[in-house]
Amino acid sequence: MRTQFGRKKSGAAGRAIKQLRARHGVGNFLLRFPFSEIMGATKPSTRMAMAAAVMLCAALAAFLLLQTEPVRMEISEASGSVVIERQAERIPARVGFALQAKDVVRSSAASSFKLRHQNYDVEFTVDANSALNVIGTRKGVRVDLFSGKVEAQVGRQPASRPVVVATAQGEVKVLGTHFLVTATEDLTRVEVAEGKVRFSRKLGARSSIEVRADQYAVAGHGIELAAKTLLPAPWVSQDIGKPGVAGSASYGGAPGKFTVRGAGEDIWNEADSFHFVFQPLEGDGEIEALVQSVQETEERAKACLAVRESLDPGAKYVAVSLTPGNNTWFQFREEKNAFSHGTDKKLPKVEAPYWLKLIKHGDRVTGYRSANGSEWERIGEISLRFGPKSFVGFGVTSHNDTVLNNSLFEQVRFTPPGGQKTSIPKR
């Protein structure tokens, strides 16, 4: 028993630990562990358990050491106020500064920086008001983006060494491409210019998708994870409710020009069914657009501007809409899952092309229409309290659940909180 559990085992373990230290620099604490005392224990079962514990510690130490390597990223450009937070230090960034593990790099307003890998074709361009750190591993390069926006240009990498950009909501894995990741408190958006990436969602139902060139995807609460034709940030599109045919949106041809294709029964009653192009809204804001055309899939098909409290089909909302045969409407849902209401004001009938505008100021939301985009007519107003965060955008319902309605919005303009103030038109 002594031979089986004692010196031979101790000698083999000792040699293994020495080899491990020689190859990977494992800490001296492993070598100082009292193997002779372990092997001299009275009970064989005790010796076996203690020896197994030592081997487990050694294996774990080796595993951890094998997973990390020097970061090998350096500052290649820096403008404005960019600092590296290293433990308790705050170090001003400078060109050529080499990062270490756990360094956090922060850019303030009106500042930016670039990071370049010393060995691989990897470069990150980081916008103002961003924060990240970079971890070097034997499996590739990992960037943890805490906030802000990072654009990555990645040359072709071995499959065993992907570049990973991780946020609170998701993870982007890439072997070679040009892409952009934007992270906020609630959303992570990925845009791919060249190549393709694998985008995984962390929260809720875990899933992953492939995002190719000229596509984007968004991860966040209540937002479907799907690769879609690229829209200019921060616009996102998805179906609200469950239309019988999946909708979509595309951008191009002129600034502010969107084609929206949506099915759905209606934006009305207790729940809505349509395709929505939107962005988050905090506080006040206004949106206006020229509805260039509304396809007549049914006379009550709608092209609308809307503010919604959430992306749920029964959410509170306010909208101003244009139909092919039922004029303009100002409509709203005052409580979640309640019946919708609309103005019955007798307005002169108009048809596309026609301008619409929606302004949210405090609890007041007001809808307007215009023939020329400069002289506005108020068509409805309501006081309705939304939560601190809501969604603003434009959408289409075909009023026929089995058919897509193709409608065109042009000169879409959104003024966010803190943006250039647009005066409320005269009534």
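Laboratory data are not the source of any read-out in this text; all were calculated from the coordinates shown. Note that this is a predicted model, so its numbers are computed, not measured. Here Cβ is always computed from backbone atoms with ideal geometry, including for glycine, and neighbour counts include all displayed protein chains.
Translational diffusion coefficient of the stretch 73-223 (Stokes-Einstein, Kirkwood radius from Cα pairs, 20 °C, 1.002 mPa s): 139 µm²/s.
In a reduced charge model with +1 at each Lys and Arg Cβ and -1 at each Asp and Glu Cβ, the stretch 195-336 shows a dipole moment near 820 debye about its Cα centre.
Measuring nothing but alpha carbons in the stretch 221-299 and taking Rh as the Kirkwood radius, the Rg to Rh ratio lands at 0.95. Most tightly packed first, judged by the mean number of other beta-carbon atoms within 10 Å of their residues, the peptides 268-275, 282-289 read 268-275, 282-289. Projected label points at His221 and Ala131, each 7 Å from Cα along the beta carbon direction, are separated by 2.0 nanometres. For the stretch 236-415, the direction-averaged projected area of the alpha-carbon convex hull comes to 8.7 nm².
Residues in the stretch 384-396 carry Karplus couplings, in order, of 8, 8, 9, x, x, 10, 9, 9, 10, x, 9, x, 9 Hz; the curve used is 6.51 cos²θ - 1.76 cosθ + 1.60 with θ = phi - 60°, and Gly or Pro positions show x.
With both labels modelled 7 Å from their Cα along Cα-to-Cβ, the Glu210 to Glu282 distance reads 3.7 nm.
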